[in-house]
Amino acid sequence: MIIDIHTHIFPPEVRDKREDFFYGEAAFKLLYSVSGSKLSGVEDLIRNMDNEGVDKSVVFGFPWHNEDYFKRNNDYIIEAVERYKGRLIGFTTFFPLAKGAVKELERCLRSGLSGIGELAFYTSTISEDTIKAFRPIAEIAKNRDVPILLHTNESVGHYYPGKIPMTLKEIYDFLSHFPDNKIILAHWGGGILFYYLMKKQVKGVLKNTWIDTAASPYLYDKEVYSIAVKILGPDRLLFGSDFPLLKPSRYFKEMKEAGLSKEVIRKICGENATLLFTELH
């Protein structure tokens, strides 16, 4: 079974008139005012899954600040999951510090969604105050045993829309404050997995952390797969396409070219996610 851990979909009103949602949403404008940026709906996702041989996808919207916007997007996710039972796993998304975020999280989990994310701090840093304010969300996630998918990015290299001045220390501090939460770090965790080689502390901090591959063909050479498996092992790596950014086949091709065994590819592309989500057992 192939499971894509990282896909985005938006309701029709956002796809049809995205510019109406730019005001007060600096991060959304930053990412989606760029020429060629794609906004897709659930039908597009299902069609892509069928074409690419993906059995299930984790699906979410955008971390809106505006309460009305994130409720609309989350409602669309709830409806999509109900419509395509067995194909989609829904996550609730909002800006973590937005007014009404905790109430929205509780509503969406009651409605059957299975996780939180992709959460992102595109316009702010992950400071001590941020971590303190995030605690109620982390506590609910821990009590309900649902994962949190967090946007991360590397702090060096080329710029792209959505890349923020996030440091490895910020990512590490976030993880160290919530060691009992199941946390998925998007985009190879900004490179933090390479510090798993350190002899002290880091292994303990990352004990409940998974790493996804979203946007990998744009960020790293294909050798990142074999190196990550050697450092972290294959059990906590998760295939994510960042649909509609890239087609899954790009990732599958790079995994094979990196020399991964069929067994390891099966783990990354589905078996690990199956174990992560208890409802899939």
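The values are calculated or read from the model by the stated rules, or taken from the named source; none is laboratory data. A quick note: this is a predicted structure, and the numbers were derived from the prediction, not measured. Here the Cβ positions follow ideal geometry from the backbone for every residue, glycine too, while neighbour counts run over all protein chains shown.
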> Does ASP129 satisfy being outside any loop (DSSP other than H, G, I, E, B), at pLDDT 95 or above, surrounded by fewer than 23 Cβ atoms within 10 Å (Cβ to Cβ) and not aliphatic (A, V, I, L, M)?
Replying inline: no
> Take the residues of the range 17-49 that are acidic (Asp, Glu) and either surrounded by 11 or more Cβ atoms within 10 Å (Cβ to Cβ) or touching a Gly at 6+ places or on another chain (Cβ under 7 Å) (or both): which is farthest from PRO161 (Cα to Cα)?
Replying inline: GLU43
>> Regarding the range 46-60, can at least one residue be identified that is touching a residue at least 12 places away in the same chain (Cβ under 8 Å), touching a Phe, Trp or Tyr at 6+ places or on another chain (Cβ under 8 Å) and farther than 28 Å from GLU139 by Cα?
In response: yes
> Can you name every residue in the range 182-204 that is within 23 Å of ALA141 (Cα to Cα) and surrounded by fewer than 21 Cβ atoms within 10 Å (Cβ to Cβ)?
Replying inline: LYS182, VAL202, LYS203, GLY204
> Only one residue in LEU31, LEU39 is under 24 Å from TYR159 (Cβ atoms) and out of contact with any helix residue (DSSP H, G or I) (no Cβ under 9 Å at 6 or more places or on another chain), so which one is that?
Replying inline: LEU31
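Wholly within the range 1-94, which helices (runs of 4 or more DSSP H) include no fewer than the required count, namely at least 2 residues that are hydroxyl-bearing (Ser, Thr, Tyr) and either touching a Pro at 6+ places or on another chain (Cβ under 6 Å) or at pLDDT below 95 (or both)?
Because the criterion is at least 2 residues that are hydroxyl-bearing (Ser, Thr, Tyr) and either touching a Pro at 6+ places or on another chain (Cβ under 6 Å) or at pLDDT below 95 (or both), no helices (runs of 4 or more DSSP H) in the range 1-94 meet it.
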> Does ILE137 satisfy the criteria of being of a type in the set (A, V, I, L, M, F, W, C), in contact with a strand residue (DSSP E or B) (Cβ under 9 Å, 6 or more places away or on another chain) and without any contact (Cβ under 8 Å) to a residue 40 or more places away in the chain?
Replying inline: no
> What number of residues within the range 221-264 are touching a Ser or Thr at 6+ places or on another chain (Cβ under 8 Å), free of Cβ contacts under 8 Å to residues at least 60 places away in the same chain and not in a helix (DSSP H, G or I)?
Replying inline: 5
> What are the residues in the range 154-168 that are over 22 Å from LEU30 (Cβ atoms) and either at pLDDT 95 or above or surrounded by fewer than 16 Cβ atoms within 10 Å (Cβ to Cβ) (or both), if any?
Replying inline: none
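Residues are listed down the side, and each one gets a yes or a no for (1) closer than 30 Å to GLY53 by Cβ; (2) buried (at least 21 other Cβ atoms within 10 Å of the Cβ):
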position	(1), (2)
PRO63	yes, yes
TYR84	yes, no
PHE91	yes, yes
PHE94	no, yes
LEU97	no, no
GLY100	no, no
> What residue, of GLU139, GLU104, is over 14 Å from PHE60 (Cβ atoms) and of a type in the set (Asp, Glu)?
Replying inline: GLU139
> Is it the case that the range 211-228 has a residue that's buried (at least 23 other Cβ atoms within 10 Å of the Cβ) and in contact with a Lys or Arg (Cβ under 8 Å, 6 or more places away or on another chain)?
Replying inline: yes
> In this structure, is ILE171 in contact with a helix residue (DSSP H, G or I) (Cβ under 7 Å, 6 or more places away or on another chain), more than 20 Å from THR92 (Cβ to Cβ) and surrounded by 13 or more Cβ atoms within 10 Å (Cβ to Cβ)?
Replying inline: yes
>> I'd like to know if the range 111-125 contains one or more residues that are within 28 Å of GLU170 (Cα to Cα), assigned to a helix (DSSP H, G or I) and not β-branched (Val, Ile, Thr).
In response: no
> For the range 26-66, which residues satisfy the criterion of being of a type in the set (S, T, N, Q), farther than 28 Å from ASN272 by Cβ and under 19 Å from the mean Cα position of the chain (by Cα)?
Replying inline: SER37
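Matching residues to (1) under 21 Å from ILE46 (Cα atoms); (2) in contact with an Asp or Glu (Cβ under 8 Å, 6 or more places away or on another chain); (3) at pLDDT below 95:
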site: GLU223; (1), (2), (3): no, no, no
site: SER226; (1), (2), (3): no, no, no
site: ASP235; (1), (2), (3): no, no, no
site: ILE265; (1), (2), (3): no, no, no
site: CYS269; (1), (2), (3): yes, no, no
site: HIS281; (1), (2), (3): no, no, yes
